[in-house]
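Here the structure comes first, spelled out in structure tokens, and everything after it is commentary.
The values are calculated or read from the model by the stated rules, or taken from the named source; none is laboratory data. This one's a predicted model, so the numbers in the text were calculated from it and none came from an experiment. When we count neighbours, we look across all protein chains shown, and the Cβ atoms used for this are built from the backbone with ideal geometry, even at glycine.
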Amino acid sequence: MATPKNERRSQKRIPVRLPVSISSGQSEPATGHTRDLSLSGIFLYTSQQIREGSELEVILILPPQLTHGEKRWVCCQASVVRVEQTQRSGQLGVAASIRKMATLPEIPC
């Protein structure tokens, strides 16, 4: 019988698809979407070439499940821990550990 992998996540991940803006010092700004996220980590899909070990800035709206009932714009500083090729054309799966998260001011429309 196979032994289950040890869970390394410190927070429970929430499966949610949200649009994200991604910036890295190594490439042009890009967009993508999340597969799941928590307050300590994120898994996202993007067409941007991102390498394991890269530092990212990710901007997104956190869902109410992570903010006690209110949606909030945040800017996350994250480190890429894994990059996966996907079956989607030109898409990469990126797992990143969130080091720092700052709430952004709401911009009235």
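Would a scan of region 65-73 turn up a residue that is at pLDDT 95 or above and under 16 Å from S21 (Cβ atoms)?
No: zero hits.
How many residues, within region 68-99, are surrounded by 10 or more Cβ atoms within 10 Å (Cβ to Cβ), of a type outside the set (F, W, Y) and assigned to a strand (DSSP E or B)?
Number satisfying all stated conditions: 20.
Would you be able to say whether some residue in region 30-46 is in contact with a strand residue (DSSP E or B) (Cβ under 9 Å, 6 or more places away or on another chain), surrounded by fewer than 16 Cβ atoms within 10 Å (Cβ to Cβ), more than 18 Å from R13 (Cα to Cα) and not β-branched (V, I, T)?
No.
Among I22, I14, which is modelled with pLDDT under 95, more than 14 Å from A102 (Cα to Cα), surrounded by 13 or more Cβ atoms within 10 Å (Cβ to Cβ) and touching a strand residue (DSSP E or B) at 6+ places or on another chain (Cβ under 9 Å)?
I14
Does V81 qualify as being in contact with a strand residue (DSSP E or B) (Cβ under 8 Å, 6 or more places away or on another chain), of a type in the set (V, I, T) and closer than 16 Å to P29 by Cβ?
So V81 fails the test.
Considering region 47-59 alone, what residues qualify as being part of a loop (DSSP other than H, G, I, E, B) and either touching a Gly at 6+ places or on another chain (Cβ under 9 Å) or surrounded by fewer than 16 Cβ atoms within 10 Å (Cβ to Cβ) (or both)?
S47, Q48, Q49, R51, E52, G53, S54
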